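Visitor: Dropping a structure here in structure tokens format, bear with me for questions.
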Amino acid sequence: MRTGSSQKLSFELGISSILLVILLMLPVYSAAESIPWEFSGQYDAMIHQPHRIAMTNDGNFCISEPRRNRVRVLSMENRIVANILVNRPLAIGVTVDNLILIGHDQQVDAYNLDGSRVYSLGIGANEFEMPNDIAVSRTGDIFVTDCKGHRVKVYDRDGNRIFSFGESGYEAGQFYFPSGIALNSDESEIFVADQANARIQVFDIEGNFLREFGQITYEVDNVGVFEETFSRPQAVEVDNLDRVYVSDLTQNNVQVLTSDGEFLNFISVNEQNEMLFSLPMDMTFHGKELLVTSTLGSKIQVFTIADLPEIIDPPAQDPTELPNIYSLQQNYPNPFNPGTTISFTLGDAGAAQLVVWNILGQKVVTLVDRDLSAGPHLVHWNGRSSTGMGVSNGCYIYTLDVSNTSGNMVFSKNRKMILLK
């Protein structure tokens, strides 16, 4: 990292020349103001034009290679762990159960390492127009950008669609070819690279628009003009200090910003002032290391972010040893308008029924009525009845009943929630 210094000009220059010199002499952010990073190495063997990248739960990384019609899983020691053959894979992610999510054609499927398909998101074929990137929460929910569909779709850990948000356009909350997606450290916010609108948009976990950054708007002679921080933002990642990393295909760099969009640093050139990237398509974190796919360079470049705190994950437990805990959490937000999220946990796999009732005991809508796996689940209610009509203000009761595989009731609980418009 280099810090520029001011020099006194001892000769006269024209106005345009002075501006040019000033621009060239602008300092690179000092270490105190920016992100301390260094180039740590790269993977370039056995890799061909990588597109997306994701870390598996056991410390390997997987990359999609659409021109080779495969997803390749590699160890950090650059050893091939698996090859999954799929037609032109683009989006890639990893479930909490360590299945590889692969977006290809117009669908997203979950695969084992042996290449066997386990399930599909939503209806399977034609669920998407073009799945581009995938983020997975710690509770197992799956967030997918549908690039040509101009929206984000959200699924539970079993592949059932919960809700979607966004539409084609350039207004706040609208997308034009959304690309990368990431969650912040406490998973309360969703960051989306809105590629053709040259911005990052931020939403709450229910898909409600919060803010955007990447475009500075001002007026010249009463005419609105905007400058772009980004040219073609492709990928977005958030570290455990909630700093935002954005890769730009046109600028061939990675920008680091605060979660509100304040610029912190560039990752773009090495100490010899040589450009590091050639189409930085995607990024992922592995501890303190940021892995970036350089598509035209056919390599994965690794950068150490020195000030990131060490986060040690607890040792994995055998599912057979986990306690059989059932719970129904208070919805959030509460009161709510127009929608809210209900989370619950099943101690064992079983038949679950989640129903919303009004205070007269009349059924409003059934949110869940199917077999579910053990573990946490999250369901979004949009505040509408089973007929699709919005419900009125007031108190509502939601109940969760769970039966085991023998048909015996093993858990039943209810809670109150308030719709306040």
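The values are calculated or read from the model by the stated rules, or taken from the named source; none is laboratory data. The model shown is predicted, which means the values in this text are computed figures rather than measured ones. Glycine gets a Cβ as well: all are built from the backbone with ideal geometry, and neighbour counts include every protein chain shown.
Visitor: Name every residue in the stretch 321-370 that is over 25 Å from SER392 (Cα atoms), outside any strand (DSSP E or B) and not aliphatic (A, V, I, L, M), in order of residue number.
Guide: If the condition is that a residue be over 25 Å from SER392 (Cα atoms), outside any strand (DSSP E or B) and not aliphatic (A, V, I, L, M), then GLU321, PRO323, ASN324, TYR326, GLY347, ASP348 are the ones that fit.
Visitor: Scanning for something among the hydroxyl-bearing types (Ser, Thr, Tyr) and either in a loop (DSSP other than H, G, I, E, B) or modelled with pLDDT of 90 or more (or both), does the stretch 35-53 turn up at least one residue?
Guide: No, the stretch 35-53 contains no residue that is among the hydroxyl-bearing types (Ser, Thr, Tyr) and either in a loop (DSSP other than H, G, I, E, B) or modelled with pLDDT of 90 or more (or both).
Visitor: Inspect all residues belonging to the stretch 162-175 and state whether any of them is assigned to a loop (DSSP other than H, G, I, E, B), under 14 Å from the mean Cα position of the chain (by Cα), in the same structural domain as ALA235 (by TED's automatic domain parsing) and at pLDDT 95 or above. Give the derivation first.
Guide: Of all residues in the stretch 162-175, those assigned to a loop (DSSP other than H, G, I, E, B) come to 166-167, 169-174.
This time we only want the ones that are under 14 Å from the mean Cα position of the chain (by Cα), so: none.
No, the stretch 162-175 contains no residue that is assigned to a loop (DSSP other than H, G, I, E, B), under 14 Å from the mean Cα position of the chain (by Cα), in the same structural domain as ALA235 (by TED's automatic domain parsing) and at pLDDT 95 or above.
Visitor: Moving on to the next point. When both residues are 6+ apart or on different chains and their Cβ atoms are under 9 Å apart, which pairs have a first residue that lies in the stretch 258-269 and is more than 17 Å from PHE191 (Cβ to Cβ) and in the same structural domain as ASP194 (by TED's automatic domain parsing), and a second that is aliphatic (A, V, I, L, M) and in a loop (DSSP other than H, G, I, E, B)?
Guide: Partner pairs satisfying both residue conditions: ASN265/MET1; ASN265/VAL28; ASN265/ILE35; PHE266/VAL28; ILE267/ILE35; ILE267/LEU276; SER268/LEU276; VAL269/LEU276.
Visitor: From the list GLY122, GLY140, GLY93, exactly one residue is small (Gly, Ala, Ser), at pLDDT 95 or above, within 21 Å of the chain's Cα centre (by Cα) and within 19 Å of ASP156 (Cβ to Cβ). Which is it?
Guide: After applying the criteria, what remains is GLY93.
Visitor: Any chance the stretch 364-375 includes a residue that's under 31 Å from the mean Cα position of the chain (by Cα) and either aromatic (Phe, Trp, Tyr) or farther than 16 Å from ASP156 by Cβ (or both)?
Guide: Looking for residues that are under 31 Å from the mean Cα position of the chain (by Cα) and either aromatic (Phe, Trp, Tyr) or farther than 16 Å from ASP156 by Cβ (or both), one finds at least one in the stretch 364-375, hence yes.
Visitor: Within the stretch 265-280, restricting attention to residues that are surrounded by fewer than 19 Cβ atoms within 10 Å (Cβ to Cβ) and in a strand (DSSP E or B), which residue is modelled with the lowest pLDDT?
Guide: Taking the candidates together, the pick is VAL269.
Visitor: Could you tell me which of the residues SER327, SER403, SER343 is under 22 Å from ILE142 (Cβ atoms), small (Gly, Ala, Ser) and surrounded by 16 or more Cβ atoms within 10 Å (Cβ to Cβ)? Give the derivation first.
Guide: On the way: SER327 fails: surrounded by 16 or more Cβ atoms within 10 Å (Cβ to Cβ); SER403 fails: under 22 Å from ILE142 (Cβ atoms).
Among SER327, SER403, SER343, only SER343 is under 22 Å from ILE142 (Cβ atoms), small (Gly, Ala, Ser) and surrounded by 16 or more Cβ atoms within 10 Å (Cβ to Cβ).
Visitor: Further, regarding this structure: Please indicate, with yes or no, whether at least one residue in the stretch 340-363 is at pLDDT below 90 and within 17 Å of MET389 (Cα to Cα).
Guide: Yes: the stretch 340-363 contains one or more residues that are at pLDDT below 90 and within 17 Å of MET389 (Cα to Cα).
Visitor: Go through LYS153, LYS148 for me and flag whichever is in contact with a strand residue (DSSP E or B) (Cβ under 8 Å, 6 or more places away or on another chain) and either in a strand (DSSP E or B) or touching a residue at least 24 places away in the same chain (Cβ under 8 Å) (or both).
Guide: So the residue among LYS153, LYS148 that is in contact with a strand residue (DSSP E or B) (Cβ under 8 Å, 6 or more places away or on another chain) and either in a strand (DSSP E or B) or touching a residue at least 24 places away in the same chain (Cβ under 8 Å) (or both) is LYS153.
Visitor: Within the stretch 377-390, track down each residue that is crowded, with 18+ Cβ neighbours inside 10 Å and either outside any strand (DSSP E or B) or assigned by TED's automatic domain parsing to the domain that holds ILE162 (or both).
Guide: Scanning the stretch 377-390 gives a single hit, GLY383.
Visitor: Further question on the same structure: Which of the residues belonging to the stretch 81-133 are small (Gly, Ala, Ser), surrounded by 14 or more Cβ atoms within 10 Å (Cβ to Cβ) and not in a strand (DSSP E or B)?
Guide: Our first condition is that a residue be small (Gly, Ala, Ser); within the stretch 81-133, this holds for 82, 91, 93, 103, 110, 115-116, 120, 122, 124-125.
From the residues that got through so far, the ones that are surrounded by 14 or more Cβ atoms within 10 Å (Cβ to Cβ) too are 82, 91, 93, 103, 110, 115, 120, 122, 124.
Result: GLY115, GLY122, GLY124.
Visitor: Is it fair to say GLY361 is over 19 Å from LEU328 (Cβ atoms) and without any contact (Cβ under 8 Å) to a residue 60 or more places away in the chain?
Guide: no
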